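Remarks on the structure that follows.
The values are calculated or read from the model by the stated rules, or taken from the named source; none is laboratory data. Keep in mind that this is a model prediction, so the values were computed, not measured. Reconstructed Cβ throughout: ideal geometry from the backbone, glycine too, with neighbour counts over all protein chains shown.
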Amino acid sequence: MPVRSWIPTLLAAALLPLLAHGAPERDFKSEEGSVRVSTLAEGLRNPWALAFLPGGKDMLVTERPGNLRIITAEGKVGAPLSGVPEVWAKGQGGLLDVALSPGFKQDRLVYLSFAEVGEGGKAGTAVGRGRLSTDQARLEDFQVIFRQQPKLSVGNHFGSRLVFDRDGYLFIALGENDQRPTSQDLDKLQGKVVRILPDGTVPKDNPFVGRPNVRPEIWSFGHRNQQGAALNPWTGELWTHEHGPRGGDEINIPKPGKNYGWPIATHGINYSLLPIPEARGEHMDGMVDPHHVWEKSPAISGMAFYDNPRFKPWEHNLFIGALAGQELIRLELDGDKVVHEERLLGELKARIRDVRVGPDGYLYLLTDDADGALLKVGLVL
């Protein structure tokens, strides 16, 4: 074979690693210097959430159609794990968040939130847990520990994020299934933050325990569609964020028993440009104003506090993904107060679904697409 005919073959072989791991690294300008984005993995089907396994070399990643996969730090994508529950993968429903038990090194328990169908064909958010096998190929003995009741969704507003606090309580940030008034109904679990023990039982000190006709799981209410939640590493408090309608995306710091307003108090209007029928204004007595609000909705999803020494300019920052905005939002904090905002990575034109800080100090992002990607993001020092 002539030497010239080898060249295409050699070039193809050289390009295969690049094709397998997406586009080459790209640098983007930011106020804190150049931000470098590397594509670790592509071809993911609507990836929704990720969690780092101990050691920081492997990640669990959910795909909304119902797959849970392990992706290595080098970007190798594993086959779907068996033992994952059947999910209702319609509209915004499917396999959603993933979190590790605080005692994962001993119990190997993995928690999943997902859309689950009920009688009449409507769905709600469920949460369950299973044990990751030692060969990391399956979840064993998966059991549902929480179900959103009643089931009202026809495909919208499931939430949902999972966060363990320092005391081991599990918080679940739920959507209101696009049924606005239910956020104010204390006999329903739509539009609520709930707080349970790791086995699904209700803590005795939850704010509504013992109240007749009130769900004892409820921690706070008056939320819309919560797609971000994280524990503030400096205070130990839960922060959540939620989609407004047309305008009015907001961050909250949910306190026990408090009402966060939706749909009575909101900064948004309906997608039709008409007012929200139940709305009475942006502020209402007896309801908690947002901690931070966007008058124009970026459609926020995923949230991570930056608490790692690797990139000093990002210290005490909060990072949030934007779906409609197709950006990464960087918020500078002074204590709990948001003092500055920067929009990053808009040139990527990617719907950012999840944001996590890795053990190595890099940000890891999931892009929400039928051909979604796992991105690694850091500053060029």
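Brief remarks on what is shown
- Pairs, first within 12 Å of residue 260 (Cα to Cα) in region 286-310, second assigned to a loop (DSSP other than H, G, I, E, B) and basic (Lys, Arg), C-beta under 7 Å, six or more apart: 288/258
- Of all residues in region 69-127, those being in contact (Cβ under 8 Å) with a residue 60 or more places away in the chain and among the basic types (Lys, Arg) number 1.
- Residue within region 250-267 that is more than 20 Å from residue 172 (Cα to Cα), without any contact (Cβ under 8 Å) to a residue 24 or more places away in the chain and among the aliphatic types (A, V, I, L, M) present: no
- Failed item, numbered, when residue 131 is tested on (1) assigned to a strand (DSSP E or B); (2) crowded, with 24+ Cβ neighbours inside 10 Å; (3) in contact with a helix residue (DSSP H, G or I) (Cβ under 9 Å, 6 or more places away or on another chain): (2)
- Enumeration of residues in region 159-183 that are in a loop (DSSP other than H, G, I, E, B) and surrounded by fewer than 24 Cβ atoms within 10 Å (Cβ to Cβ): 165, 166, 167, 168, 169, 178, 179
- The listed residues are 198, 216, 233, 254, and the only one of them that is surrounded by fewer than 16 Cβ atoms within 10 Å (Cβ to Cβ), at pLDDT 95 or above and part of a loop (DSSP other than H, G, I, E, B) turns out to be 233.
- Residue check, residue 171 among the aromatic types (Phe, Trp, Tyr) and more than 22 Å from residue 81 (Cα to Cα): yes
- Check on residue 156, farther than 22 Å from residue 61 by Cβ and buried (at least 21 other Cβ atoms within 10 Å of the Cβ): no
- Search result, residues across region 360-381 that are farther than 16 Å from residue 75 by Cα and of a type outside the set (A, V, I, L, M): 361, 368, 369, 378
- Residue that is modelled with the lowest pLDDT, among those in region 366-381 that are out of contact with any Lys or Arg (no Cβ under 8 Å at 6 or more places or on another chain) and of a type in the set (A, V, I, L, M, F, W, C): 381
- Selection from region 45-85 of residues that are among the β-branched types (Val, Ile, Thr) and surrounded by 15 or more Cβ atoms within 10 Å (Cβ to Cβ): 61, 62, 70, 71, 77, 84
- Within region 303-381, strands (runs of 3 or more DSSP E) holding 2 or more residues that are in contact with a Ser or Thr (Cβ under 8 Å, 6 or more places away or on another chain): 317-322, 337-344, 352-357, 372-379
- Filter result (part of a loop (DSSP other than H, G, I, E, B), crowded, with 21+ Cβ neighbours inside 10 Å and either touching a His at 6+ places or on another chain (Cβ under 6 Å) or not basic (Lys, Arg) (or both)) within region 143-153: 148, 152
- Restricted to region 48-73, and to residues there that are at pLDDT 95 or above and not in a strand (DSSP E or B), the residue that is nearest to residue 160 (Cα to Cα) is 64.
- Just one of (1) at pLDDT below 95; (2) within 17 Å of the chain's Cα centre (by Cα) fails for residue 100. It is (1).
- Filter pass, residue 38 being modelled with pLDDT of 95 or more, under 24 Å from residue 344 (Cα atoms) and assigned to a loop (DSSP other than H, G, I, E, B): no
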